[in-house]
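The values are calculated or read from the model by the stated rules, or taken from the named source; none is laboratory data. Because the structure is a prediction, the values reported are computed rather than measured. Cβ placement follows ideal geometry from the backbone for every residue including glycine, while neighbour counts extend to all protein chains displayed.
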Amino acid sequence: MAKKVDSELITKQIRQQFPKLGGNEARKIVQIVSQQVSIRTGPYPSPEDYDYYNEIDPDLTGQMKRMVLEEQKHQHNLDEKHLDKDFLLRRTGQVFAFILCMIALIGGFYTVLQGFEIGGAIIGAVGLAGIVGQFLRRR
């Protein structure tokens, strides 16, 4: 953690340097100047925080690093499982779509052979449109 400076000491120094300022005005200046925003992204704390944690418990920083590494491994494992299941789902969908389109094409061909040319052409066209539509939709 960042070391804090005593605000009353700074207030006294401001009053000494600028005697025309009142006590409340000097305190407001100290509050405005001493406000600090620290935004950190990522799993690790700042180096100053590491020093502070190391003072509390020398093993604490090692534990924090291990926790971050274990969490990262866990997250990668979940991502890998998700990708595997997504791939399996897509592959299964493709197989079933292919089977349905082939049934439509074969059914259309069979219907044409039975003498129903228009009906067979429509059924076959639906099967062919299913295959072509999937390829065009992916791009």
So Ile99, is it at pLDDT 85 or above, β-branched (Val, Ile, Thr) and in a helix (DSSP H, G or I): yes
Kindly list the number of the only condition in (1) in contact with a Phe, Trp or Tyr (Cβ under 9 Å, 6 or more places away or on another chain); (2) at pLDDT below 85 that fails for Leu60. (2)
Tell me whether segment 35-55 contains one or more residues that are exposed (fewer than 13 other Cβ atoms within 10 Å of the Cβ), within 30 Å of Leu9 (Cβ to Cβ) and of a type in the set (Lys, Arg). yes
Could you list, in sequence order, all residues of segment 44-90 that are in contact with a helix residue (DSSP H, G or I) (Cβ under 8 Å, 6 or more places away or on another chain) and aromatic (Phe, Trp, Tyr)? Tyr44, Tyr50, Tyr53
Any idea which residue in segment 61-117 is nearest to Gly42 (Cα to Cα), counting only those that are surrounded by 11 or more Cβ atoms within 10 Å (Cβ to Cβ) and small (Gly, Ala, Ser)? Gly62
